[in-house]
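Below is one structure, written out as structure tokens, with a few remarks after it.
The values are calculated or read from the model by the stated rules, or taken from the named source; none is laboratory data. Just so it is clear, the structure is predicted and the values come from calculations on it, not from any experiment.
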Amino acid sequence: MDQPIPLDEVDHRLLTLLQDDASRSNQALAEAAHVSPATALRRVRRLVEQGVVERQVAIVSPAAFGSGLTAIVEVTLDRQGAERLEAFEARAVAEAAVQQCYRVSPGPDCVLVVWVRDMSHYNALVQRLFTEDANVRNVKSYFATRRAKFEPRIDLTPPKPAPPHSTLPSSATPGP
């Protein structure tokens, strides 16, 4: 999806509702969006087919598994050619503990968000993903001590129109 897909007000309402709770029935979704069930179903199918809705998932609370450990990891590679970057990225995204993987610039080559059960699981991940890769030059990890916010949603609030340009009347002269 390289080009933005045109979305109208109904699409925005449906997407906002789905981001809040994707498990609601089509009937409940249609009622909340103030559209017919047929319209809701047709629109949601189109949004899925066009890739606007990538997937629907359940967000599992990490607290259900104990405290766990979240790390934000900066990775710098020794050689940054396209093939080397793609090879590291493929290895990173294949790891179940890697929740997010971004190529970034400037600074490190990649930033990962990782969740593991404990430090021993983190150390095993480090060994597999970083130590065994001769192209990894530097790894800098930041360990979360508290999660203040986790909201995997896209803000669909329409942008506010820019205020009109003010012009001085032709008889007015700017001050000194």
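Structure notes:
- Residue 18 being modelled with pLDDT of 95 or more and either under 21 Å from the mean Cα position of the chain (by Cα) or among the acidic types (Asp, Glu) (or both): yes
- Which numbered condition residue 47 misses (of (1) at pLDDT below 95; (2) under 23 Å from residue 27 (Cα atoms)): (1)
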